[in-house]
1. Find the residue count for the range 198-233, including only residues that are at pLDDT 70 or above, surrounded by 13 or more Cβ atoms within 10 Å (Cβ to Cβ) and in a loop (DSSP other than H, G, I, E, B).
2. Do we have R290 as modelled with pLDDT of 85 or more, basic (K, R), surrounded by 14 or more Cβ atoms within 10 Å (Cβ to Cβ) and not in a strand (DSSP E or B) here?
3. Could you count how many residues in the range 240-287 are among the small types (G, A, S) and surrounded by 14 or more Cβ atoms within 10 Å (Cβ to Cβ)?
4. For the range 434-474: of the residues being part of a strand (DSSP E or B) and of a type in the set (S, T, N, Q), which is nearest to Y275 (Cα to Cα)?
5. Just one of G99, G109, G116 is touching a Pro at 6+ places or on another chain (Cβ under 8 Å) and either within 27 Å of N271 (Cβ to Cβ) or modelled with pLDDT of 85 or more (or both); which is it?
6. Only one of these conditions is not met by Y351: (1) modelled with pLDDT of 90 or more; (2) within 27 Å of V281 (Cβ to Cβ); (3) within 21 Å of the chain's Cα centre (by Cα). Which number is it?
7. Among the residues of the range 314-347, how many are assigned to a loop (DSSP other than H, G, I, E, B), on the phi > 0 side of the Ramachandran plot and not charged (D, E, K, R)?
8. Pull out all pairs, ordered by first then second residue, where Cβ-Cβ is under 6 Å, the residues are six or more apart or on different chains, the first lies in the range 362-377 and is farther than 19 Å from L477 by Cβ, and the second is β-branched (V, I, T) and surrounded by 15 or more Cβ atoms within 10 Å (Cβ to Cβ).
Amino acid sequence: MASTIVGRGLSQLSRVAARSSSLSLQHSKRVAAPFTLRSWFSTYPPHEVVGLPALSPTMETGTIVSWNKEEGETFGPGEVLCSLETDKATVDFEAQDDGIVAKILVEAGPDDILCGQPILITVEEGVDVAPFADYVLEESVAPAAAPAEPEPAAAPVEAAPAPATPPPAPTSAPAPTGGRIVASPLAHMLAKDMGYDLFTIVGTGPDGRIIADDIREFSPSTVAAAMPTEVAPVQAAMVATEPIAGVGYTDYPISASAKETAMRLAQSKRNVPHYYLTVDVAMDELLKLRSTLSDALGEESDLGVYELIIKAAAKSMKAVPSANASWMDSVVRVYDSVDVNVVVGNGDKLYSPVIRDCGAKGLKGISDELNAAVSAVEEGELSSEFASMGTLTILNLGMYGVKSCAPVIREPQAVALAIGALENRIVPNDDPDSEEIYKESVMMTATLSCDHRVVDGAVGAQWISAFKSHLEKPSTLLL
């Protein structure tokens, strides 16, 4: 009997090795569907446990929209087993080989399923379906669970005995402040709206990722009880401030804020489908307007070109309101107010204070708030109000002589604007009465980064065109 079982097991293994994988995705690059093989010597017939496939390198979860096959039904190559919904599209999960659905482990519904989590069991023979009637999902997940920790070796006789009942570690202890936060863009937005600190929230998503449901279900009253008593010393130990010299190199510790900024930018660059629009803007008329306004305001005025650019960006948002928006997974949120983040500083002291409602403010009001924000950054007194997220980020690299730059969009914003240096260029003369073919003009290059999920090419072109028009006809900024 044992030899018969072993022979059958080897035969099944050879067929599986030849088949490799039984499932693939429709309308996508062929990807082997993840599965695990049960022991051929278990009480169940030979079968395959099929897991939810990862449709892209960044996919972590998905949902089953509907099942096209029922338990006991046969399927052949190319037949659709179920429809899967990801964060980007709904695709059909079709069979590459023939087989029989023995057990559906996850019913269709809105619940997120981790990539690799078993969703289906298939067999090759119809007589093998019935034994799986009582099959439960926990049994298929068990092999993937972390192995139990080995029992500690016996302590030496001289060692002090361990406490009989050591206090259990809290299961929902928040990460210490200053650590790395991994959260979805929607979770970041909800936390900001509700006034929660993400450092105090435990993530239940893949690899501890904080998801929107964690924010909605968070109770601030439980934080104090869950926080370890030794957090302050641990934080002090985690934060290194002095450079560490090595042989031929020096390591400079990265602050918690710089780590958080780097993580968010990397996540945004990975998640957001960027595209870029660049225009050259003639700044002659704007410089004349700035000179006139500065003379009118007196010697104490320090009205600069930057304030006029911020106002032009706010005017462009009013002209093309669909760009003043955010991708919120299930909806696109369009904002009424234009709140502009201006990038100040560099390195570990890189900040982006926000100027609220720039569309409703005059140039003097924008100038006052910009100066206050820059002073707060320089003095290290940046408040949470200044440091919050706006609807547009403007990056000015002109002071460093940079001509143009393609900025990274900061989620959940849909656009980011970078402006380059003002420089004298020889351009075609557009004055029909002039005898000169060319003229000298002060020009600036501006680049708009757009999130294609929110701002398509036509909308982005309308925005950058409106921005160019406001700068070249700056009297419109006073309306």
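The values are calculated or read from the model by the stated rules, or taken from the named source; none is laboratory data. Every value quoted in this text rests on a predicted model; they were computed, and no experiment measured them. Methodologically, a virtual Cβ is constructed for each residue, glycine included, from the backbone with ideal geometry; neighbour enumeration extends over all protein chains shown.
1. 8
2. yes
3. The qualifying residues number 6.
4. Checking each candidate, the answer is S449.
5. G116 is the lone residue from the list that is touching a Pro at 6+ places or on another chain (Cβ under 8 Å) and either within 27 Å of N271 (Cβ to Cβ) or modelled with pLDDT of 85 or more (or both).
6. (1)
7. Kept after step one, since they are assigned to a loop (DSSP other than H, G, I, E, B), are these residues of the range 314-347: 320, 324, 328-331, 335-339, 343, 345-346.
Still in the list and also on the phi > 0 side of the Ramachandran plot: 329, 345.
After this cut, where a residue has to be not charged (D, E, K, R) as well, the list is 345.
Matching residues across the range 314-347 total 1.
8. V374/V344; V377/V344
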